[in-house]
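One structure below.
The values are calculated or read from the model by the stated rules, or taken from the named source; none is laboratory data. Keep in mind the model is a prediction, meaning the values are calculated, not measured. Note that each Cβ is placed from the backbone with ideal geometry, even for glycine, and that neighbours are counted across all protein chains shown.
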Amino acid sequence: MSEPASSPAPVRAAVAAGSVTTLFGHRLLHLPGTHLAAVRWPRGRASDLHGPWHYWWQAHYLDCLVDAGWREHRAGLPPESLHRGQELLLGIRLRNLFRYPNHFYDDMAWLALAAERLEGLTRAVTGDDGHRCRAVVSALGPRLVGASTDDAGGGVYWNTRRNFKNTPATAPAALFFARAGRLERTRALTDWLREKLLDADSGLYLDGLRLRRGGIETVRDRYTYNQGPVLGALLALGEPHDLAAAARLVHAVDAELTHPSGTGDSRVLITHGDGDGGLFTGILTRYLAVAATDVRLDPAARSTAARLVAETAEAFWSGRRRVGADESPSVAAGGPDAGALVFSPDPRVDAATSYPPGAPVELSTQLQAWMALEAAAVCADGTPGA
C-alpha cells in the first residue's frame, strides 16, 4: 500500500480506503458474505456482539465505500468496494437484529441515503437492480415519512421518543426525499429548516428544537455536519433561490467553521473530536465537493467549497502516520497492515500526537479523513459526486 507524498488526490483516497478497510473491516462473526467495520482498532475479541454498536458509523462507512466504488469504476478498476458495500448491508442487517430500522431517524436517513447511492453504483457497474439496496430504502423510507410531522411546525424527529426535532435528522431526510423525486416533501423540510433553525447572524443552521411541556427550546449548537446535508438538499432542489441559499451557506461555513491550518495561509474546517463528533466534518466535505462540482452554483461559492475540501484533505494527509510493526504482527510479516495509515481527528495535529502507537484508534475519525480525501478526489477530477 504505497502512499507517495506527492500522490494525486485519487491515489491518496485509494490509500485511505485501503487503510480503513484493512484495519477495521472484517466478516461479521466470520460469516461468509458479510462485512462490518470495528468501531476501534485494534479490535477486541467478541467485539461484534459485546462492543458498542454504532449503526450510523456503518452507514457512513457504506457511503465511503460507494465513493471508492465510483472512483474505481471511473478508473476501470475491479469493483471491490461495490462488493464490499453489498456485504456490509448484510452485515448491518444481521448485527441490527435482522432488521434495518432502529430508534434514531437520523441514523436511518444516513443509511437510506448510502443504500440509494449503492443502488446507483450497482446499476452502473453490473446492470443489476440492486434488490438489497431497494430493500433498505423500502424499510426506512416510510419511517422517515412517519417522523416528519406538523409538530413544532414541521421537521423530522431525531428519535422514536419524539421530543426533539433537529437538523441532523431533517436535512438528510430532505435529501433522501429529493433523490426519490419527492420534491414537495423536500421543499417543506428545507423551508422549515430555514424558518426555524437558520441563524441570521452566522448564516449557519443550528442543531434543533427540543419540545418541552413549557414550550419549545432552541438548541443553538453549530456543527459542521449539519450544514452538509442542508447544502445537498438545496442543490438537489436547484431553483435559483435554492442555489443562492447554497452559495450563502458555503460562504458562511468558510467564515464561521474554519481556522488556520498552522501551515502557510491555508485554513481548514474545524473538527469535533472523537466519538460521534469524529464523523462530523467528513460529512461536510462530502457535500462541499458536491457544491464544488455543480456548474449551476455561483463560481465564487464553487471555488470556496473546493478550497475548503482541498486544504482540509491536504492537512489530514500531511498529518498521517504509518502503522508500526510493534502495533501489528502483520506489518513485520509484510501482511495486509503493512503500509496502512492512521489519520488524526484534527487536521491541525499530527496523527503521531493524537493517536500515538499503542493508543486505540476510532473508526469515526478514520472515516472522516477518508471522506475528506475522497471529496478532494471528486474536486480534483471535476466529476459531480453520484
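Listed values, structure above:
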item	result
Among residues of segment 244-283, those that are surrounded by 19 or more Cβ atoms within 10 Å (Cβ to Cβ), in a helix (DSSP H, G or I) and within 19 Å of the chain's Cα centre (by Cα), counted	10
Residue match in segment 108-120 (condition: more than 25 Å from residue 148 (Cα to Cα) and at pLDDT 95 or above)	yes
Only one of 315, 372, 359, 352 that is aliphatic (A, V, I, L, M) and touching a helix residue (DSSP H, G or I) at 6+ places or on another chain (Cβ under 7 Å)	372
Filtered residue count, segment 118-134, keeping only those that are in contact with a Cys (Cβ under 8 Å, 6 or more places away or on another chain) and more than 17 Å from residue 78 (Cβ to Cβ)	1
Which numbered condition residue 19 fails, given (1) modelled with pLDDT of 95 or more; (2) more than 17 Å from residue 282 (Cα to Cα); (3) of a type in the set (Ser, Thr, Tyr)	(2)
Matching residues in segment 296-319 - criterion: being under 21 Å from residue 347 (Cα atoms) and surrounded by fewer than 20 Cβ atoms within 10 Å (Cβ to Cβ)	303, 307, 318
All positions within segment 22-80 that are part of a loop (DSSP other than H, G, I, E, B) and either aliphatic (A, V, I, L, M) or within 18 Å of the chain's Cα centre (by Cα) (or both)	31, 38, 39, 46, 53, 54, 75, 77
2 or more residues under 29 Å from residue 55 (Cβ atoms) and without any contact (Cβ under 8 Å) to a residue 40 or more places away in the chain: qualifying helices (runs of 4 or more DSSP H) within segment 295-386	351-354
Residues of segment 174-191 satisfying the condition of being touching a helix residue (DSSP H, G or I) at 6+ places or on another chain (Cβ under 8 Å) and not aromatic (Phe, Trp, Tyr)	174, 175, 178, 179, 180, 183, 185, 186, 187, 189, 190
Among the residues listed as 127, 44, 91, the single one being out of contact with any Phe, Trp or Tyr (no Cβ under 9 Å at 6 or more places or on another chain) and more than 20 Å from residue 23 (Cβ to Cβ)	127
Which listed residue is small (Gly, Ala, Ser) and surrounded by fewer than 23 Cβ atoms within 10 Å (Cβ to Cβ), from 14, 37, 9	9
Complete set of residues in segment 40-79 that are within 15 Å of residue 123 (Cα to Cα), charged (D, E, K, R) and surrounded by fewer than 20 Cβ atoms within 10 Å (Cβ to Cβ)	74
Residue 349 vs. criteria crowded, with 22+ Cβ neighbours inside 10 Å and modelled with pLDDT of 95 or more	no
